[in-house]
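Heads up: the structure comes next, in structure tokens.
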Amino acid sequence: MSASPAHLSFRSFVDALRDEHDLADINEEVDPKLEVAAITRRAYERRAKAPLFNNVKGAHDGLFRILGAPGGLSKDPEKSHRRLAMHLGLVPSAGPKEIIDFMLKAKGQPPIPPVHVQTGPCKEVKILCKDVDLIKLPVPLLNKADGGDYIQTLGINIVQDPSGEHPWTNWSIARTMVHDKNRMTGLIMKPQHIARIFEKWVEKGEDVPYAIALGAPPIAVMAASMPLPAGVSEAEYVGSLCGSPLELVKCETNDIYVPANSEIVLEGTISVRDRGPEGPFGEMHGYSFLDENSQQPLYTVSAITHRKDAILPICVPGKASGPDETHTMIGTLASAEMRQLLQDNGFPVKQVFALYESQVIWAAVQVDREALSLLKTNAKEFCERVGNLVFRHKSGMQIHRLLIVGDDIDPFSFNDVMWAYSTRCRPAADEFNFEDVTAYPLVPYMSHGPGTKLTGGKVVSNCLLPEEYAGKQGWVACDFANGYPEDVKTKVLDRWDSLGLE
């Protein structure tokens, strides 16, 4: 295989981060039991460099180094989303708007199927059957309340629908925890596609062939994070994004194909009968509930293949004061799908963004107020239409509050959106509730609050004043950008550094 650019090779991505001075090589020994995660979690919160742990206690025979925060944010204000941008081959200065636009561009392109190759870097070392021992690996413990060691937090789970003449192969990200020597427990949760496919194998009465690609091509990880419609192959979607086919190689013990240059591949079958305890787990909403351990399907690991000196990527979810991949990837990519959904259905929507600070359960929906005025609508009618569309679609699965804002509001700015919400949304009168839609059960007020856990708890908040529905704005915002003439602003900016204010 030829050398690949950073978005098509995790190993090249690591090197590119180093070249960007956004990676810290940590060569002293670190303990995978909490120490690795503690450093990674603080790196998110400080927007520090991504830590690459080159000397993990208990690692042997190339298994494994660990990279933390591959999708975390950067402290550089001009390149805050640098790592996500580099996942896609974009310039490091690309922001969430450019990332969303890029991820949606494949929607209008024909799918490009992957190509199957005979071998690849992920086959450099093979550990088969009786030689598999997960207990001996330096699998990290991510939170002191976690129920076990999680080997899969940022890889790609690959399963195939058993029905149809041309089976649908689905890629997703779903956590797995070490259970014993050769088994893991993994969260398989409705309404995610992996759960739909799992149920079809249950009906068939056969265990599910699977693979998990860890350290897969970064652009493939982004596609696996995106709530694409059922039936869409993420591998083909990646081909459309890149304009060329992705290279896949067959597993050793089943017929699943994985990205050929993955760092580590776990493969085997998921039992449709046997289950084991999974969790607690420190989740994307910033909580690790001590009473939260469920019985989940057991994954048997029949083989591990890996690159020499392999690198395991990890996500350490937590409070969005330090956004991690559950916010930057899942939230941003759900935003892309919601924007496309609304625009395709004729709504005058310019942007949609799931706000990191809300643990990505709130999304700002920015409307074109001039186009909105042509609809001759009102808040109740418009908000109910938006909610009925988004909350009943997979892209809105994790979103529990939609905030409708005007085009004077930057939907990527939490401060801007909160200003609109707190000053233009009248409690009760401007809020439209949805109790008959599917909920996201991991949201704490659903799983541990009053009422039903699987439905409801969703709301559309109208953050437009009545005059905005008529295309009018009878005010001037009192901030530097809007409250002063251009000549005054220019004069202030030209003198700013000399004033010694910073």
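The values are calculated or read from the model by the stated rules, or taken from the named source; none is laboratory data. As the structure is a prediction and not an experimental result, all values here were calculated from the model. Glycine also receives a Cβ, built like all others from the backbone with ideal geometry; neighbour counts cover every protein chain displayed.
Computed values, structure above
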{"read-out": "Filter result (touching a residue at least 40 places away in the same chain (Cβ under 8 Å), in a loop (DSSP other than H, G, I, E, B) and surrounded by fewer than 19 Cβ atoms within 10 Å (Cβ to Cβ)) within segment 150-181", "value": "Pro162, Trp168, Lys181"}
{"read-out": "Residue that is surrounded by the fewest Cβ atoms within 10 Å (Cβ to Cβ) [pool: residues in segment 182-206 that are of a type in the set (A, V, I, L, M, F, W, C) and over 25 Å from the mean Cα position of the chain (by Cα)]", "value": "Val202"}
{"read-out": "Test: Gly282 is at pLDDT below 95 and either within 19 Å of Ile173 (Cβ to Cβ) or aromatic (Phe, Trp, Tyr) (or both)", "value": "yes"}
{"read-out": "Segment 53-75 - residue that is under 20 Å from Asp19 (Cβ atoms) and free of Cβ contacts under 8 Å to residues at least 40 places away in the same chain and, of those, surrounded by the fewest Cβ atoms within 10 Å (Cβ to Cβ)", "value": "Lys75"}
{"read-out": "Complete set of residues in segment 448-474 that are under 33 Å from the mean Cα position of the chain (by Cα), basic (Lys, Arg) and under 29 Å from Arg369 (Cβ atoms)", "value": "Lys458"}
{"read-out": "Search result, residues across segment 181-201 that are touching a strand residue (DSSP E or B) at 6+ places or on another chain (Cβ under 8 Å), modelled with pLDDT under 95 and among the aliphatic types (A, V, I, L, M)", "value": "Leu187, Ile188, Ile194, Ile197"}
{"read-out": "Near pairs, Cβ below 8 angstrom, 6+ apart or cross-chain, from segment 477-502 (on the phi < 0 side of the Ramachandran plot) to any residue that is surrounded by 10 or more Cβ atoms within 10 Å (Cβ to Cβ) and of a type in the set (Ser, Thr, Tyr)", "value": "Val492/Tyr484"}
{"read-out": "Segment 77-88: number of residues that are over 14 Å from the mean Cα position of the chain (by Cα) and either surrounded by fewer than 18 Cβ atoms within 10 Å (Cβ to Cβ) or of a type in the set (A, V, I, L, M, F, W, C) (or both)", "value": "3"}
{"read-out": "Index of the failed condition, Asn415 passing every other in (1) over 33 Å from the mean Cα position of the chain (by Cα); (2) among the polar types (S, T, N, Q); (3) not in a loop (DSSP other than H, G, I, E, B)", "value": "(1)"}
{"read-out": "Within segment 353-369, considering residues that are part of a strand (DSSP E or B) and among the aromatic types (Phe, Trp, Tyr), the one farthest from the chain's Cα centre (by Cα)", "value": "Trp362"}
{"read-out": "Those strands (runs of 3 or more DSSP E) lying entirely in segment 209-286 with at least 3 residues in contact (Cβ under 8 Å) with a residue 60 or more places away in the chain and closer than 24 Å to Leu141 by Cα", "value": "264-278"}
{"read-out": "Residues of segment 444-469 that turn out to be in contact with a helix residue (DSSP H, G or I) (Cβ under 7 Å, 6 or more places away or on another chain) and at pLDDT below 95, as a count", "value": "1"}
{"read-out": "Candidates Arg11, Arg46, filtered to the one that is in contact with an Asp or Glu (Cβ under 9 Å, 6 or more places away or on another chain) and touching a residue at least 12 places away in the same chain (Cβ under 8 Å)", "value": "Arg11"}
{"read-out": "Any hit, segment 118-139, residues being part of a strand (DSSP E or B) and under 27 Å from the mean Cα position of the chain (by Cα)", "value": "no"}
{"read-out": "Matching residues in segment 330-372 - criterion: being buried (at least 24 other Cβ atoms within 10 Å of the Cβ) and aromatic (Phe, Trp, Tyr)", "value": "Phe353"}
{"read-out": "Counted residues, segment 82-100 - those being assigned to a helix (DSSP H, G or I) and in contact (Cβ under 8 Å) with a residue 60 or more places away in the chain", "value": "9"}
{"read-out": "Residue within segment 268-275 that is touching a strand residue (DSSP E or B) at 6+ places or on another chain (Cβ under 7 Å), at pLDDT 95 or above, crowded, with 19+ Cβ neighbours inside 10 Å and acidic (Asp, Glu) present", "value": "no"}
{"read-out": "Which listed residue is surrounded by 24 or more Cβ atoms within 10 Å (Cβ to Cβ), among the small types (Gly, Ala, Ser) and under 21 Å from Pro51 (Cα atoms), from Gly318, Gly282", "value": "Gly318"}
{"read-out": "Out of Lys380, Lys319, Lys376, Lys350, sole residue that is more than 17 Å from the chain's Cα centre (by Cα) and in a loop (DSSP other than H, G, I, E, B)", "value": "Lys376"}
{"read-out": "Residue check for Tyr257: among the aromatic types (Phe, Trp, Tyr) and under 22 Å from Thr326 (Cβ atoms)", "value": "no"}
